[in-house]
1. Residue 291 versus (1) closer than 25 Å to residue 90 by Cα; (2) at pLDDT 95 or above; (3) of a type outside the set (Lys, Arg): which is the lone unmet condition?
2. Looking at 273, 294, 259, can you tell me which residue is in the same structural domain as residue 65 (by TED's automatic domain parsing), part of a loop (DSSP other than H, G, I, E, B), within 28 Å of residue 210 (Cβ to Cβ) and basic (Lys, Arg)?
3. Looking at (1) under 24 Å from the mean Cα position of the chain (by Cα); (2) basic (Lys, Arg); (3) assigned to a helix (DSSP H, G or I), which one does residue 385 not meet, given that it meets all the others?
4. Looking at region 143-163, which of its residues are in contact with a Leu (Cβ under 7 Å, 6 or more places away or on another chain) and either of a type in the set (Val, Ile, Thr) or not in a loop (DSSP other than H, G, I, E, B) (or both)?
5. Given (1) out of contact with any strand residue (DSSP E or B) (no Cβ under 9 Å at 6 or more places or on another chain); (2) closer than 30 Å to residue 237 by Cβ, identify the lone condition not met by residue 190.
6. How about region 52-95: which of its residues are charged (D, E, K, R) and not in a loop (DSSP other than H, G, I, E, B)?
7. Taking the condition of being in contact (Cβ under 8 Å) with a residue 24 or more places away in the chain and of a type outside the set (D, E, K, R), how many residues in region 354-394 meet it?
8. Going by the conditions given, is residue 330 surrounded by 10 or more Cβ atoms within 10 Å (Cβ to Cβ), over 27 Å from residue 155 (Cβ atoms) and outside the structural domain of residue 102 (by TED's automatic domain parsing)?
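The values are calculated or read from the model by the stated rules, or taken from the named source; none is laboratory data. Bear in mind the structure is a predicted one, so any value in this text is a computation, not a measurement. In this analysis, Cβ positions are derived from the backbone assuming ideal geometry, glycine residues included, and neighbour counts consider all displayed protein chains.
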Amino acid sequence: MPSEQWTHPEPGDGPAAVAAQPSPEQVIAGLRATSEGGAELTQLLTPEGERVPSPQFDKYVEDVDAEALRGLYRDMVLVRRADREANAMQRQGQLGIWVPLLGQEAAQIGSGRALKKNDMAFPSYREHGVAYARGVDMKDLLGIFRCTDHSGWDYQGHGFHPYTIVIGNQVLNAAGYAMGQKFEGKVGDDDGEATICYFGDGATSQGDVHEGFVWAAVYDAPLVFFCQNNQWAISEPTERQSRLPLYQRARGYGFPGIRVDGNDVLACLAVSRWALDECRHGNGPVLIEAFTYRMDAHTTTDDPTRYRLSDELEEWKLKDPIERVRAYLARGGYADQAFFDSVQADADSFAADLRDYTFNMPEPPPERIFSNVYAEGNPVLDAQREEFLSYLDGFVSAGEH
């Protein structure tokens, strides 16, 4: 049986580990070798909550004072609390499935808060934090996972496209949208528009993602490709998908790539602002690899204990994105216990509101499936709706006799 490479170090770091199947020791060694994302990782807050100066990116967060950082902390706490509540509700049969974001709050809030009003975001199915940052009511997300709705928000008004379930498909949609921004002359200055597209490390193995890279590069589309590398494409580690760090793939398409600490909300905000600024000024696409970790299952149908070791999770708990901001605020005297308690109380109230809504969520009327299919009336669809409703009425009439 041919051997497989399981770890691919940076050039000059020595040979890759080679084995037909990785031993537990090799898995842990590979994790620890890349646990901080490598030498080119952009980081502004360490896991211990210490500020790291960055000549390149500090200017992009000059406006983030103590109040703003408290706001980012609050965002992450509320989003995590909502995520945990939705996860519990799925276990109680109130949702058909849930896609946890536990551990990825910094990547989503940081990048989401970097967007301007006229920008557009294209999510996959895990970007609950980005939805929150774009002003989408999280209640509108729950219908998707209760299987009663496709999306319940004004995607143009919020600048947040409906969720995409097909892996990687949103990259093509985003590339087309960003090309439209370029063709319509909406780029070129500080007031220009940009698009950001979210996908995971597993999606980088899909053809749609590579096609999106090609089209965006050829047309200098104002598109930020935001890869949340949580290191597990369901049950397969990143090492089985790429011989190089994912951000380096951008070189082959002719645009810049950068790796950021995905558990550092300040760095994610700064790098995303820089990338979006590059795009809105007409400098073409950028690939951001947010190096983070999925601390829960891929979805509620997944059992991560079958394919990864508990040592891995325990190590990444020390890099928790929320705790490092809490440590920075507390150490610097920017927040006291009363503040942290008030945020937790707000988060609990937020989750309780979502829970109450879910348990009392109305069932949509059957004609709802015909709504918003076309922008204008369509006679064929109208006829189908009338036929379907008439068919359902036949059951009611039969029951009366």
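1. Condition not satisfied by residue 291: (1).
2. Values: 273 fails: part of a loop (DSSP other than H, G, I, E, B); 259 fails: part of a loop (DSSP other than H, G, I, E, B).
The conditions single out 294.
3. Residue 385 satisfies every listed condition except (1).
4. Taking region 143-163 as the starting set, the residues that turn out to be in contact with a Leu (Cβ under 7 Å, 6 or more places away or on another chain) are 145-146, 159.
The answer is 145, and nothing else.
5. (2)
6. Initial filter on region 52-95 (charged (D, E, K, R)): 58-59, 62-63, 65, 67, 70, 74-75, 80-81, 83-85, 91.
Across region 52-95, the qualifying residues are 58, 59, 67, 70, 74, 75, 80, 81, 83, 84, 85, 91.
7. So the answer is 8.
8. Working: surrounded by 10 or more Cβ atoms within 10 Å (Cβ to Cβ): yes; over 27 Å from residue 155 (Cβ atoms): yes; outside the structural domain of residue 102 (by TED's automatic domain parsing): no.
When the stated conditions are applied, residue 330 does not pass them.
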